[in-house]
Amino acid sequence: MTEPALLDIQGLHTVYGKKIHALKGVSAQVRSGEIVCIIGNNGAGKTTLLKTVSGVLQPDKGAVRFAGEAITGQPTHRIARMGLAHVPEGRHVFPRLSVAENLEMGAYFRTERDLSKDYDHVFELFPVLGRRKAQLAGTLSGGEQQMLAMGRALMARPRLLMLDEPSMGLAPVVVDTIFDIIRRINKEGVTVLLVEQNAKRALQASSRGYVLETGEIVLEDKAETLCSDAKVRKAYLGLQ
Amino acid sequence: MFLQQLVNGLTLGSIYSLIALGYTLVYGILVMINFAHSEVLMVGSFVALAVFRFAPAILPQGPVGLIVALVLSMAGAGVLNVVIERFAYRPLRHAQKLAPLISSIGVSIVLQNAVFLWVSTQSESFPELIAATQFSIGGAGVSSLQLVCMASAIGLMMGLHFFIEHTKVGKAMRACSDDLETAGLMGIDSSRIIALTFLVGGALGGAAGVLYGLNYGSIKYNLGFLPGVKAFTAAVLGGIGNIRGAVLGGFILGIMEVMAAGYIPRGSDWKDVIAFSVLIFVLLLRPSGILGEKIAEKV
Ligand SMILES: Nc1ncnc2c1ncn2[C@@H]1O[C@H](COP(=O)(O)OP(=O)(O)O)[C@@H](O)[C@H]1O
Ligand SMILES: [Mg+2]
């Protein structure tokens, strides 16, 4: 008997306007404790998928269950409060709020008075944020903003962390840091769904992966298996 | 003379600033101009009048009466603004940009006509909540009404500042104004924050309505129009969406208007022309207003 998936996406269709059919029946599962990645080229529908899961977009068809509960059609803030955190593509920190205020917003719905452990944890993961608490988020570098966006999401103590292209536009050293932290967060008990164009890094960090092409899942397997798949090697890893 | 005009300008400016905050708060979060705001302010002043007519006992002359009048008018105007948002703007949130704008013009006309038809077609004298006394500070004649007006406005602005900067909900308002969609991902119910923004903006408008009535002594169904347009101008001048900008713009406009009236021959006929010319001039130099500089998000 297998345990039911923490996140269960079934036959999801999402259409922009009336014409652009961005998701065409996507199904995917993330089990508790996993790091799962979805790789795909620009325009494959990765962002659309995450946005549909977190309730920013409404699907035309299909269903999403989180922790056994149907979340399709629920408003974004309710889904977030269930423990599903979504770090959007392009970070989207609140530019005119300070670093500390951004983190506070991450914990917005938590009722505990004392969040100092959570702040300490975030500052331990990302020391640079601790040194810049009072700085406006809009003035941080791209890498720092990515760290802030991730730290902010962790302030909610999520069960599932969805990351949309965390390595986009960052220098290789910063990408290393980000992926180290993703693994560490996962070891600390947070399940991760990672969406990336950077297939190599994503597959290295993950236990399983899906390949998304023009709105459809074309492959799914263990990350190692995908790494040695001829088609994946050629199309996504740039190898022969 | 100069000091005198400055006092007059600061008084007028404090009213403009309060109203401008209502425009800017709503714009900051929804990127729409709430043209009904001028009527919200007018209704606010009528709330105080109604309380005075039907329950004069709770509005004694003096600071207590003034505070009661302010609180009730702020509550009335704030709630009215929330109701307007709920029924006239929220259903249009995903419609094209122009739709809520047109809707707000509609609401404005409806409110003005409702007061015109059901309340009063002419000027009604406003209760003298504060006894008008004149005294002189450094040669400038100042009335008690002016002092009360400035003190109330500044007190409210300080309250707003504390709320926006230091409370969790206030920070959520700023977060929503930065990025509504992402605020939702933080578990912030953006519809509630929007409603709260209309409540706060409307309440400040209501307070401005009372201060207006207090200063001019009478109110009328169409009193909101001119201060509304001026305060909107002030908000744009300061940088629409920027809270400090609204306050700054309000005071600049108020002072400019009074100075023009005082120093330029037949200036009081020209003061509006001068005020709007300055607006156009500033916007040509700085299209985003004096403080309207957005920190770009780095990607
Ligand atoms: N707001 C939008 N309106 C219309 N089409 C969109 C919008 N966002 C994305 N699309 C289209 O949907 C498809 C999937 O986009 P997206 O999910 O952003 O892909 P990815 O994240 O994999 O790069 C693309 O064809 C894109 O052009
Ligand atoms: Mg994308």
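The values are calculated or read from the model by the stated rules, or taken from the named source; none is laboratory data. The shown structure was predicted, so the numbers you read here are calculated from the model rather than taken from an experiment. For neighbour counting, all protein chains shown are included, and Cβ atoms are generated from backbone atoms with ideal geometry for every residue, glycine included. Quick note on the areas: whole protein, heavy atoms, side chains included, nothing else; ligands and nucleic acids left out. Shrake-Rupley method; radii C 1.70, N 1.55, O 1.52, S 1.80 Å.
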Notebook entry, point to check: With every protein chain present, what accessible area does A:Arg183 have (1.4 Å probe, heavy atoms only), rounded to the nearest 10 Å²?
Noted result: 80 Å²
Item checked: Rounded to 5, percent antiparallel among DSSP beta bridges of segment A:7-235 -> 55 percent
Check: Going by accessible area, probe 1.4 Å, with all protein chains left in place, what is the ranking of A:Cys37, A:Cys227, largest first?
Finding: A:Cys227, A:Cys37
Note to self: Within 13 Å, Cβ to Cβ, of A:Gln74, how many net charges do the neighbouring residues add up to if Lys/Arg are +1 and Asp/Glu are -1?
What the structure shows: +1
Check: For A:Asp120 and A:Ala67 in one chain, what is 0.36 nm times their gap in residues minus the Cα-Cα distance, to one decimal in nm?
Finding: 16.3 nm
Notebook entry, point to check: Calculated from DSSP H runs of 4 or more alone, at -39500 (n - 2.57) each and per residue, what is the 222 nm mean residue ellipticity of chain B, nearest 500?
Noted result: -24000 deg cm²/dmol
Next item on the list: Using only protein heavy atoms and a 1.4 Å probe, report how much of A:Arg31 is accessible, in Å² to the nearest 10.
Entry: 100 Å²
Checklist line | Overall form of segment A:84-204 per C-alpha gyration tensor (a/c, 1.5; a/b vs b/c) | finding: oblate
Next item on the list: Quote to one decimal, in nm, the extra length available between B:Leu3 and B:Ala151 on full extension: 0.36 nm per residue of separation minus the C-alpha distance between them.
Entry: 51.5 nm
Notebook entry, point to check: Roughly how tilted is helix A:172-187, in degrees to the nearest 10 and between 0 and 90, from the longest Cα axis of chain A?
Noted result: 90 degrees
Notebook entry, point to check: So what is the relative contact order of segment B:50-136, in percent, for Cα pairs below 8 Å that sit 6 or more residues apart?
Noted result: 38 percent
Check: Which of A:Lys18/A:Lys61; B:Lys97/B:Lys230; A:Lys24/A:Lys51; A:Lys46/A:Lys200; A:Lys18/A:Lys51 have a Cα-Cα distance over 20 Å?
Finding: B:Lys97/B:Lys230
Check: Once the Cα atoms of helix A:116-125 and of chain A are each reduced to a long axis, what angle between those two axes, in degrees from 0 to 90 to the nearest 10, is obtained?
Finding: 60 degrees
Item checked: Stokes-Einstein D in µm²/s, Kirkwood radius over Cα pairs - chain B at 25 °C with 0.890 mPa s viscosity -> 126 µm²/s
Notebook entry, point to check: Taking only C-alpha pairs under 8 Å that are 6+ residues apart, what is the relative contact order of chain B in percent?
Noted result: 36 percent
Margin query: Please compute the average number of Cβ atoms from other chains found within 10 Å of each residue's Cβ in peptide A:144-150.
Written below: 1
Notebook entry, point to check: Near A:Val64, within a Cβ-to-Cβ distance under 12 Å, what is the net charge of the other residues, with Lys and Arg +1 and Asp and Glu -1?
Noted result: +1
Margin query: To test your reading of the geometry: what angle, between 0 and 90 degrees and rounded to tens, separates the Cα axis of helix A:142-154 from the longest principal axis of chain A?
Written below: 90 degrees
Margin query: Suppose every Lys and Arg Cβ carries +1 and every Asp and Glu Cβ carries -1, with no other charges. What dipole size does segment A:1-102 come out with about its Cα centre, to the nearest 20 debye?
Written below: 380 debye
Margin query: With an 8 Å Cα cut-off and a minimum separation of 6 or more residues, compute the relative contact order for segment A:7-235 in percent.
Written below: 28 percent
Notebook entry, point to check: Of B:Ser125, A:Ser141, which has the most accessible area with a 1.4 Å probe, and how do the rest follow in descending order?
Noted result: B:Ser125, A:Ser141
Check: So how do B:193-201, A:73-81, B:267-275 stack up, highest first, on mean other-Cβ count within 10 Å?
Finding: B:193-201, A:73-81, B:267-275
Next item on the list: Classify segment B:110-174 as rounded, prolate or oblate, taking a ≥ b ≥ c as the square roots of the eigenvalues of its Cα gyration tensor: rounded when a/c is under 1.5, otherwise prolate if a/b is larger than b/c and oblate if not.
Entry: oblate
Notebook entry, point to check: How far, in nm, would the chain grow between B:Thr133 and B:Arg192 when pulled straight, counting 0.36 nm per residue and subtracting the alpha carbon separation?
Noted result: 16.9 nm
Item checked: Virtual paramagnetic centre 7 Å along Cα→Cβ of B:Ala55, amide N under 19 Å, in segment B:65-89 -> B:65-80
Next item on the list: Give, as a single signed number, the net charge of other residues whose beta carbon lies under 11 Å from the beta carbon of B:Gln112, with Lys and Arg counted +1 and Asp and Glu -1.
Entry: 0
Check: What's log10 of I(q)/I(0) for segment B:13-95 at q = 0.17, 0.20, 0.24 Å⁻¹, Debye sum over Cα points only, no solvent?
Finding: -0.75, -0.93, -1.15
Next item on the list: With a/c under 1.5 counting as rounded, go ahead and sort the protein assembly as shown into rounded, prolate or oblate using the C-alpha gyration tensor (a ≥ b ≥ c being the square roots of the eigenvalues; past the cut-off, prolate if a/b is larger than b/c, else oblate).
Entry: prolate
